[in-house]
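First the structure, in the form of structure tokens, and then the observations on it.
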Amino acid sequence: MMAHFSYVRPRSLKEAIGHLAENGARVHAGGTDLLGCLRDQVFDVRKVVSISGLSAMRGVEQVAGGGLRIGALTTIAEISEHPLIRKHYTALAQGASEVASPQLRNQGTLGGNLCQKPRCWYYRGEFHCMRKGGDVCYAAGGENQFHCIFGSGGRCFIVHPSDTAPALSALDAQVEITGPGGLRTMPVENFHVHPEDDVLRETWLERGEIVTAVRLPAPQASLKSTYRKIRARRAWDFALAGAALALELDGDRVVDGRVVLSGAAPVPWRSLLVEDTIRGKTLDDRTIDAAADAVVKGARPLAKNKYKLPLFRGMIQEELRRIHQSAGADG
Amino acid sequence: MEKPNPKRSLSNHRISRRSFMAGVGAGTVCVAASSRLFASGGGEKEEEVINADSLSKLSLHINARDHHLLVEPRWSLLYVLREKLGLTGTKEGCSRGECGACTVLIGHVPRYACLTLALEAEGAEITTVEGLLNGEELGAVQTAFAEEDAFQCGYCTPGQIMSVEGLLRKNPSPTTEEIRIAVSGNLCRCGAYSHIFKAAEKAAKARSK
Amino acid sequence: MYYTEGLPVPETPSPGETPGPWERTDVVGKPRPRVDAYERVSGTAVYPSDIVLPRMLYGAILRCPHPHAQVKKVDTTAAEAPPRVRAVIGPGDPKTDLPWSFRDVKTTLFPKTCRFEGEPVAAVAAETLYQAWDAAGAVRVDYKVLPHVSDERRALEKDAPKVHENGNKLKTDTYSRGDVEKGFFEADVVLEQHYRTEAEVHTPLELHGCVANWDGDVLTIWESTQGVYAVQSRVAEVLGLPLSKVRVIGHYMGGGFGSKLQTSRYSIVAALLAKKTGRPVKSFLPREATFLAMGNRPPSNMTLKAGVKKDGTLTALSFTCLGTGGAYPAGGTSLVDWQIRDLYLCPHVRTECTDVYINAGPARPFRAPGHPQCSWALEQMLDALAEAIGMDPVALRLKNVPDYSQGREGNPPYTTTGLKQCFKEGARRFGWEKARRKTAGQEKKGHLRRGVGMAGSVWFVGGGGPPSTVILKLFSDGSANLNMGASDIGTGTKTVMAMVAAEELGLRPEMIRIEHADTGTTQYATPSGGSKTVPTEAPTVRDAAVQVKRRLLQMAAEEMDLPVEDLRYTGDDIVSRSRPDRRIRIVDISGLKRQGVVVGVGHRGPNPEKKTVNPFCAQFCEVEVNTRTGELRILRFLSTNESGRVMNRLTFDSQVIGGVTMGIGLAATEMRILDANRTGKMVNRNWHDYKLPTSLDVPADIVGVPIEMPDAEANISGAKGLGEPVTIPTAAAVANAVYDAVGIRITESPINPLKLSSLLEQQKKEG
């Protein structure tokens, strides 16, 4: 039911990294996903390295040049309520406010949300699936109603469960990673691993590395960002379909934009086709319908998740119309 | 088949990438959050690795009292509250962070005790449903729940009460929608939600008097 | 001192005379917070799972991970090794692997052939919960995995794996009246439709389990149960103990909904572990196991063909259902045709229900077993018929309201039926006609569409009945103690009973202390279920209170030297009718002072002969559908209930909103999902993947409207059951409202964006 593990609360990031470099060590930030995984025996653990007390890793600050740096231990609730994030990075605040439940938002951290394990019920259940080192993806021919329509590589059909990652990716955020080799950054967009590259991991973190912060670029007045999430239940549920949109608008003309889907693929899924369809266009009915078609172009639904095609189409229509209407109201 | 996701093509950052990257430098210092949950400070224990099988000393500050006990690293706060300290007002419904029956306040913030290791709660102010009593007098939220019949079997009730208590400490006059969101991490299989909303509204009024 | 000033007390009937209905009530029927509200909101109520005893061990049961497997070998060596493990039990040992059965099918506590995922394989006791699970995990089991069938729709196929040796068909029940072919011939419109409801799992918030402790040869079990006497009898039977040596206590319990009506193997296992170790053992199931092994509302595959005349007269109903109780006989199709048989007037009815085995956890009664499923089919069909003949759905139903039970042998009349009033008053209070006009006239351009829907229901039982015994003790200071065996499963039974005793004795309800749900110290009661607890116990309590009054009147008569017929009980005192200056305060009666207590023993009288006692309900709701995304919002609900006398207006409302909320789960969020193609395992055995409605899935606006018709014939309290009727029509009402909103009939539950987005897409394509 619950693995046996030793426990350490390092006093510094450096100490933490030292412990985490050991075989079988797992990082504990908010602990919500870790303890859930341990109960389900999703992976083995020997040592739990708790970084929850490293208060330097928590908080939101403005950096020179006008961007934000959000410490990885900042809770999801803090992000959803932060005035600067609500104002300038709306998609992130909205995404954060849609995560799980209030208690989990109070406890879960941004770093944890980016690094959480998939929610595939085969992966979490008593199935030795491909992602756990087995030979079979049980979802492929099984109960795959909550699985992906893009990006499986034919191997693993999870969807990435994060609501903040699509928003961060749409906002072109960078993730700051600290490890034995020091500090490196990479776009959030590239942080997650496609099954065809490695089916056994979800992020490009190397052993001993942890996410220490996320950096958001300076806000632009013309950028409007939103996050929309559709789920089977209105609370404590992951996205059936979701989208983070970050659009640079001139009136209701889209100058440029980034569109990242949740509930679609094993990673937060950037929809270049939607971006190409709306770039330079006024958000009229024709553009919106074309964007709706584009969002599912190339999708390969499974036996039980074909509903995701109309769902993504309808959702993109609704979001773009909403943006169109509010742009009209503003202008 | 078209493959729209550009996982390695970084060329498509069309939104003014330069300005996005500005200000991100190595010298940035992160300001500590003002509301730390846990005492840090250099207690000797913090660097010590606690072995899986060993019991270690732990002090918990619960309902304004200190409790000293021995715990295994894997014991949850919920297990310790219920099975070791006799604080059984906090209920176990799933031990998976999915029902909220174990909701307690840490600081003033509702959290799931089942997904909190007991060791992680060291140094925090923990409030359980028993801690809302003043002697044997019910707190405002408890009274409102009783008066509005905001429960049936009563098993999810302490968790619901703690979620409402946490809400009202932060937001003394919430809207119904804010109340609904605040208890959305607390399942009630008897389905008392609409009475819970009423009770929360009533408690908010009573507290503001 | 403890009486209620200024309130009249009901007349005391003479010995041998049955009390008549209360002419007026001053306590009963009023809104009253619970007598145990303090304990429940303060956290001081001790539920069975809260029990911690000195020297207590923790038990854990290892369960079969396969839906169908032979247990070839169980090796407990590794499990026994750790120092803090105190006992391991498993299959093959005649002292612990005791006989067990599901109805007439025999198995054992740790069966050699496991027929569903979650059957017990071995059990351990250890010093901590964590160590117990470590030990259970260390038990090595060799399974021979057998082919399984997890979908009842495939269970009767020729090559389907057999759950039991004699095949997968348990039984087919048929019912018929009139001649359906004739009925269809007479009809102006005949429709036929297939419907399906998914399996639901009860998952009450408190886990299933118990604490077991032996004092010598006396076993005490604290169990989260709906009926302590039911647990006592099964435990005594399996362990070969006299009933007197098994004490079961269940003062508080955190919900059951039918899943805690019966005794489970875990209680026996806990007792065996406690016996083996000589220490108390606490054994509660982990949440995941409750999804597998603690019952369910099974899936129903229903086909309904119905005929109606243009004037709305129903002519024929023909219904078939394929269902399953899981791996053992468990009432898989029990009562699933009852709405068809009994709710609406119809001369020609035929039903055929086939119950099959599959390799899944056995069903247990789940709040109105069979009824919501049947309602899902029938009430959607009625709306379709109404549309076909151009009639309002309420009007169609009103056209076909019976005043006798057509489904029962001999067509007995209902003692009372308020079904007609439920429809009429419900429609009025909901604003049905106006709401229908509004949804019919709404612009079809927007993507948010409103719809309204309604449905009616009857509950199969709900009248309660014997046996029940309670003891009411009036102490010398005038306060009272009520002793009853019934459990309060959250419905407010204790509060209602205090109100009944208070009403009859003129006492303040808070002066009545209740002892309940303990086979060692309280009186016999059947389990709390079937919406029968109030109509069973309330008359019993009233009878006991009448006995107390009679005894006190007798004592006063002797003391005052007046004939007992001349005396009247007023609550505070006993007064002479002929000479009002002659009176004696109850606390001054020397007989009471001398004895210290006066005892009234109440019994539940018989139900009326040749009549049937049933509660009725109608529900109305308004929904909004997002036609782009298939998201459904339920905006408001109104439930009209005829359940005889309203006993407590406050807990009445709690029952209504609870039933509606649970019905919304069936309608919109809940379904058990088995990995039928490959492993047969349940994939959503947790509360994230199995979706109970949350506070954001239900409307804040749920209104309960009682149609109060005290049922004098039913019993001496006038009350009928409420808990089950309130959840029967909910899901169908939602489905009807969704149809009204978007013109799509959702015949398979649940109505979620998965289903709706596809159907809306299809509708758009079809233009």
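Among the residues of segment C:90-130, those that are in contact with a strand residue (DSSP E or B) (Cβ under 8 Å, 6 or more places away or on another chain) and on the phi > 0 side of the Ramachandran plot comprise C:G92, C:G118.
Within segment C:592-604, the set of residues being surrounded by 16 or more Cβ atoms within 10 Å (Cβ to Cβ) and assigned to a loop (DSSP other than H, G, I, E, B) comprises just one member, C:R604.
No other residue among C:N715, C:N684 is farther than 20 Å from C:E200 by Cβ and of a type in the set (S, T, N, Q) apart from C:N715.
Residue-level check: of (1) surrounded by 22 or more Cβ atoms within 10 Å (Cβ to Cβ); (2) assigned by TED's automatic domain parsing to the domain that holds C:V211, C:V52 misses just (1). Take the residues of segment C:478-493 that are polar (S, T, N, Q) and within 18 Å of the chain's Cα centre (by Cα): which is surrounded by the most Cβ atoms within 10 Å (Cβ to Cβ)? So the residue we want is C:S487.
Okay, residues lined up against (1) in contact with a Leu (Cβ under 9 Å, 6 or more places away or on another chain); (2) surrounded by fewer than 24 Cβ atoms within 10 Å (Cβ to Cβ); (3) assigned to a loop (DSSP other than H, G, I, E, B); (4) at the interface with another protein chain (Cβ under 10 Å from one of its Cβ atoms):
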| position | (1), (2), (3), (4) |
| --- | --- |
| C:P693 | yes, no, yes, yes |
| C:L696 | no, yes, yes, yes |
| C:V703 | yes, yes, no, yes |
| C:A712 | no, yes, yes, no |
| C:N715 | no, no, yes, no |
| C:L722 | no, no, yes, no |
| C:V726 | no, no, no, yes |
| C:V734 | yes, no, no, no |
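Taken over segment C:214-228, the criterion of being more than 14 Å from chain B (Cβ to nearest Cβ) and either surrounded by fewer than 24 Cβ atoms within 10 Å (Cβ to Cβ) or out of contact with any strand residue (DSSP E or B) (no Cβ under 7 Å at 6 or more places or on another chain) (or both) is satisfied by C:W214, C:D215, C:G216, C:D217, C:V218, C:L219, C:T220, C:G227. Of the residues A:T185, A:T212, the single one that is surrounded by fewer than 21 Cβ atoms within 10 Å (Cβ to Cβ), of a type in the set (S, T, N, Q) and either at the interface with chain B (Cβ under 10 Å from one of its Cβ atoms) or assigned to a strand (DSSP E or B) (or both) is A:T185. Being touching a residue at least 24 places away in the same chain (Cβ under 8 Å) and within 14 Å of chain C (Cβ to nearest Cβ) holds for only one residue in A:A303, A:A265, A:A327, A:A246, and it is A:A303. Beta carbons closer than 7 Å, at least 6 apart along the sequence or on distinct chains, pair a first residue in segment A:140-164 that is more than 13 Å from chain C (Cβ to nearest Cβ) and among the basic types (K, R) with a second that is crowded, with 24+ Cβ neighbours inside 10 Å and assigned to a loop (DSSP other than H, G, I, E, B) for A:R155/A:C137; A:R155/A:P195. Of the residues making up segment A:19-44, those that are without any contact (Cβ under 8 Å) to a residue 60 or more places away in the chain, touching a Gly at 6+ places or on another chain (Cβ under 8 Å) and surrounded by fewer than 22 Cβ atoms within 10 Å (Cβ to Cβ) number 1. The listed residues are C:L419, C:L345, C:L396, and the only one of them that is in contact with a helix residue (DSSP H, G or I) (Cβ under 9 Å, 6 or more places away or on another chain), buried (at least 24 other Cβ atoms within 10 Å of the Cβ) and closer than 24 Å to C:S643 by Cα turns out to be C:L419. Among residues of segment A:268-288 being out of contact with any strand residue (DSSP E or B) (no Cβ under 9 Å at 6 or more places or on another chain) and over 16 Å from A:A243 (Cβ atoms), the one that is nearest to the other protein chains (Cβ to nearest Cβ) is A:D285. Just one of the listed residues (B:A140, B:A121, B:A199) is buried (at least 22 other Cβ atoms within 10 Å of the Cβ), within 20 Å of the chain's Cα centre (by Cα) and touching a residue at least 24 places away in the same chain (Cβ under 8 Å), and it is B:A121. For C:Q193, are the conditions met, namely being in contact with a Leu (Cβ under 7 Å, 6 or more places away or on another chain) and in contact (Cβ under 8 Å) with a residue 40 or more places away in the chain? Yes.
Among the criteria (1) buried (at least 24 other Cβ atoms within 10 Å of the Cβ); (2) free of Cβ contacts under 8 Å to residues at least 60 places away in the same chain; (3) under 20 Å from C:T694 (Cα atoms), the one A:G95 does not fulfil is (2). Of all the numbered requirements in (1) assigned to a helix (DSSP H, G or I); (2) surrounded by fewer than 24 Cβ atoms within 10 Å (Cβ to Cβ), C:T315 misses one, and that requirement is (1).
Yes or no, residue by residue, for (1) hydrophobic (A, V, I, L, M, F, W, C); (2) farther than 24 Å from A:Q174 by Cα; (3) modelled with pLDDT under 95:
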residue	(1), (2), (3)
A:E98	no, no, no
A:P102	no, yes, no
A:G112	no, no, no
A:C115	yes, no, no
A:R119	no, yes, no
A:R124	no, yes, no
A:M130	yes, yes, no
A:C137	yes, yes, no
A:G142	no, yes, no
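Screening segment C:559-591 for residues that are free of Cβ contacts under 8 Å to residues at least 40 places away in the same chain, in contact with a helix residue (DSSP H, G or I) (Cβ under 7 Å, 6 or more places away or on another chain) and acidic (D, E) and picking the one that is surrounded by the fewest Cβ atoms within 10 Å (Cβ to Cβ) gives C:E559. Within segment A:165-182, the set of residues being more than 10 Å from chain B (Cβ to nearest Cβ) and either crowded, with 24+ Cβ neighbours inside 10 Å or touching a residue at least 40 places away in the same chain (Cβ under 8 Å) (or both) comprises A:A165, A:P166, A:A167, A:L168, A:S169, A:V175, A:T178, A:G179, A:P180.
Just one of the numbered conditions (1) of a type outside the set (V, I, T); (2) touching a strand residue (DSSP E or B) at 6+ places or on another chain (Cβ under 6 Å); (3) within 7 Å of another protein chain (Cβ to nearest Cβ) is not true of A:G36: (2). Taken over segment B:75-96, the criterion of being aliphatic (A, V, I, L, M) and in contact with a helix residue (DSSP H, G or I) (Cβ under 8 Å, 6 or more places away or on another chain) is satisfied by B:L77, B:L78, B:V80, B:L81, B:L87. Among the conditions (1) within 14 Å of chain B (Cβ to nearest Cβ); (2) on the phi < 0 side of the Ramachandran plot; (3) buried (at least 24 other Cβ atoms within 10 Å of the Cβ), the only one that C:H251 does not satisfy is (3). Residues that are more than 29 Å from the chain's Cα centre (by Cα), touching a residue at least 60 places away in the same chain (Cβ under 8 Å) and assigned by TED's automatic domain parsing to the domain that holds C:A271 number at least 1 in the following strands (runs of 3 or more DSSP E) confined to segment C:56-171: C:57-63, C:69-75, C:85-89, C:120-126, C:140-145.
The values are calculated or read from the model by the stated rules, or taken from the named source; none is laboratory data. Because the structure is a prediction, the values reported are computed rather than measured. Note that we place each Cβ from the backbone using ideal geometry, even for glycine, and neighbour counts take in every protein chain shown.
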